[in-house]
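Participant: I am attaching a structure below and will ask some questions about it afterwards.
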Amino acid sequence: LIIRTNFFGFGPKHKSSFSDVIIQALLNKEKIDLFEDVFFTPIYIQELAKVVYQLLTKKQKGIFNVVSNEKISKHEFGILIADCMDISKSLILRGSLSSRNDLVIRPKDMSLSNNKVRSIQGIEIKNLKNQIKDLIQNKFKII
């Protein structure tokens, strides 16, 4: 079983994850630039684990993209987090990878299709907004 993914969740203590950085900026009422020209299909780590477990119990073999159902920009992802935290979206500024010459060259579209995994009976992936709500709930349980 080979899993291709792009997940979000809590980072280790020594390195904040992408979602950690956004949440911390929002909590500190700091503005943050997020790329509106970079797209991905992020999945919450707990949702990823649930789907991988289902694939294993169904004895699936092969390559599966285990990602969210929604293709979204990094900027839109930040907006969704702000919405779920009930914090002003005005802190999420529009940035552009195209305008950043100081970064390593990366693809602008890292999205993957999850049609194959969703075609397996009994496997459903929560919508991205509900996954982010789960992240926020779990974040504040820990704090």
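The values are calculated or read from the model by the stated rules, or taken from the named source; none is laboratory data. Given the structure is predicted, the values throughout are model-derived calculations rather than measurements. Cβ sites come from the backbone with ideal geometry, for glycine too, and all protein chains shown count toward neighbours. What goes into the accessible areas is simple: the full protein's heavy atoms, side chains included, and nothing from ligands, DNA or RNA. Shrake-Rupley method; radii C 1.70, N 1.55, O 1.52, S 1.80 Å.
Participant: If I take every Cα pair under 8 Å that is 6 or more residues apart in the chain, average their sequence separation and divide by the length, what percent do I get for the relative contact order?
Facilitator: On the way: 214 pairs, mean separation 47.8, N = 143.
Normalised by residue count, the contact order of the chain is 33 percent.
Participant: A further question on this structure: Of the listed pairs 29/50; 13/108; 15/74; 59/133, which have alpha-carbon separations greater than 23 Å here?
Facilitator: Numbers: 29/50 33 Å; 13/108 28 Å; 15/74 19 Å; 59/133 30 Å.
Going by Cα-Cα distance, 29/50; 13/108; 59/133 fall outside the 23 Å limit.
Participant: Taking 7 Å along the Cα-to-C-beta vector as the label spot, tell me the residue 100-residue 115 distance in nanometres, rounded to one decimal.
Facilitator: 3.1 nm
Participant: Continuing with this model, one more query. Each residue of segment 13-27 in turn: what ³J(HN,Hα) in whole Hz from Karplus with 6.51, -1.76, 1.60 and θ = phi - 60°, glycine and Pro shown as x?
Facilitator: 4, 7, 8, 5, 7, 4, 5, 4, 4, 5, 4, 5, 4, 5, 5
Participant: Measure nothing fancy, just the Cα-based angle from helix 45-57's long axis to the longest principal axis of the chain, in degrees from 0 to 90, nearest 10.
Facilitator: Its long axis makes an angle of about 10 degrees.
Participant: For the full complex of protein chains and a 1.4 angstrom probe, list 41, 57, 5 by accessible area with the highest value first. Walk me through the numbers before you get to the answer.
Facilitator: Numbers: 41 5, 57 80, 5 55 Å².
These residues rank, largest area first, as 57, 5, 41.
Participant: Have a look at the DSSP beta bridges in the chain and tell me what percent are antiparallel, nearest 5. All intermediate terms of the calculation are to be shown ahead of the outcome.
Facilitator: On the way: 2 of 12 bridges.
Taking every DSSP beta bridge with both residues in the chain, the antiparallel ones total about 15 percent.
Participant: Same structure again: Quick one: check the C-alpha center-to-center distance for segment 37-115 versus segment 1-34, whole angstrom.
Facilitator: So the separation of the two Cα centres works out to 11 Å.
Participant: Of the GluC sites (Glu not before Pro) in segment 1-67, which ones lie in a loop per DSSP and count no more than 12 other C-beta atoms within 10 Å?
Facilitator: On the way: sites: 30, 36, 47; in loops: 30, 36.
Here the GluC sites (Glu not before Pro) that fit, given the DSSP loop and packing criteria, are 30.
Participant: Give, in nm to one decimal, the length gained when the segment between residue 49 and residue 86 is fully stretched (0.36 nm per residue of separation minus the Cα-Cα distance). If you can, show how the numbers build up before the last one.
Facilitator: Working: separation 37, 0.36 × 37 = 13.32 nm, distance 2.71 nm.
Computed gain between residue 49 and residue 86 is 10.6 nm.
Participant: Something else about it: Rolling a 1.4 angstrom probe over the protein chains, ignoring ligands and nucleic acids, what is the accessible area of residue 104 in square angstrom, nearest 10?
Facilitator: Estimated to the nearest 10 Å², residue 104 gives 110 Å².
Participant: Under the classification rounded if a/c is under 1.5, otherwise prolate if a/b is larger than b/c and oblate if not, where does segment 1-140 fall, given a ≥ b ≥ c as square roots of the Cα gyration tensor eigenvalues?
Facilitator: Values: a/c = 2.13, a/b = 1.54, b/c = 1.38.
In terms of gyration-tensor shape, prolate.
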